[in-house]
Amino acid sequence: MLLSLLLGSRIPHGSTAHAQSGSAELKTAAALSADPNTPAFGVSVRRAMRAQLGAALPLWASPESEGLIFTLSPLMELHEPANSTQVLPSQYWRARLTLSGAAVFVTDSAAYRIGLSLEHESDHETAHAYSQPGFLTQNALAVRSLASFPGADVALSVAPSLLLYLASCTLDRSVCRNFQGDTSGGAQLDIVISAPGAALWELVPYLSASGLGILRHAAVRGETHLELHLGLKYQSRFLLMQLFALGYFGNDVGVQRGDRVTEVGAGTRLAL
């Protein structure tokens, strides 16, 4: 009894520990998303090299990791044209910045997150003798949600989102200007299934799918794409490490988003 009184302030209450566990499940589910806009450090190959530099940086969170959270997520991706043999990607690049606020709720069987985000992306081509002028730009207000259902053998997460594009221009990069363009709408669905019960040496197999659709309107190009990841994850104290095979189907991302592709490849990512 005396020991409990002396150490009570250092021992987390059950509800606090439960909330922290639920918040961690949501964080892991978001990091495992096959969404090409997932902020992480990584490299991948699908007919050419791609490299990503990004992270989800917490700006503020409730002490129990349940309640309101605010996050800033920068991301830069560099990639090469299809069939390029260059190991260091540089020809095409895109930059994203997302500011999001969300509420987290935790129950005995699941954890939920729902919130709003402001998202900006610009897509470019590195200047060289044969480069085309101009850039593409997207600005979106998104309602994003995530539900995580942990399990000893199988864990599932589902993340539906609605997007309103404002002042966006993705149809003709020669006429695009910063924060000028048209409106459109879109929707996204991400699903992640992992199998902790099948872990081998702490390597957990998982399957992740991310689908996006954007309506065509004026200067905004109509787009659809699906990306699939089948891989293994390893959770250390500070990093979530992933190694996966991938399939990509539909409109490409970045300045080549007008191209329809069907590609397979592989990649690895590190998420904080």
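Read the figures in this text as sums done on the coordinates, not as results from a lab. Bear in mind that the values here come from a model prediction, so they are computed numbers and not experimental data. Heads up, the Cβs are rebuilt from the backbone with ideal geometry, glycines too, and the neighbour counts pull from every protein chain shown.
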(message) Using Cβ counts within 10 Å as a stand-in for footprinting exposure, how do Lys27, Lys233 rank, fewest first?
(response) Lys27, Lys233
(message) Cut-off is 10 Å between beta-carbons; in what order do Ser90, Ser210 appear when sorted fewest neighbours first?
(response) Ser90, Ser210
(request) Please report, in cubic angstrom per residue, the volume enclosed by the convex hull of the alpha-carbon atoms of the chain. (result) 133
(request) Can you grab the distance from the C-alpha centre of segment 148-185 to the C-alpha centre of segment 195-272, Å, no decimals? (result) 15
(message) For segment 114-155, place one equal point scatterer on every Cα, skip the solvent, and apply the Debye formula. What is log10 of I(q)/I(0) at q = 0.15, 0.17, 0.19, 0.29 Å⁻¹?
(response) -0.63, -0.68, -0.72, -0.98
(message) Just want the ordering: His120, His229, from fewest to most Cβ atoms lying within 10 Å of their own Cβ.
(response) His120, His229
(request) Determine, for each peptide in 129-139, 154-164, 246-256, the mean count of other beta carbons within 10 angstrom over its residues, then list the peptides with the highest first. (result) 246-256, 154-164, 129-139
(message) Please list, by residue number, every one of the GluC sites (Glu not before Pro) in segment 172-245 that is coil in DSSP and has at most 13 other beta-carbon atoms within 10 Å.
(response) Glu202
(message) Along each principal axis of its Cα atoms, how long is segment 35-182 end to end? Whole angstroms, biggest number first, please.
(response) 59, 36, 23
(message) Quick check on the chain: helices-only [θ] at 222 nm, where DSSP H runs of length 4 and up contribute -39,500 (n - 2.57) each and the sum goes over total residues. Nearest 500, please.
(response) -2500 deg cm²/dmol
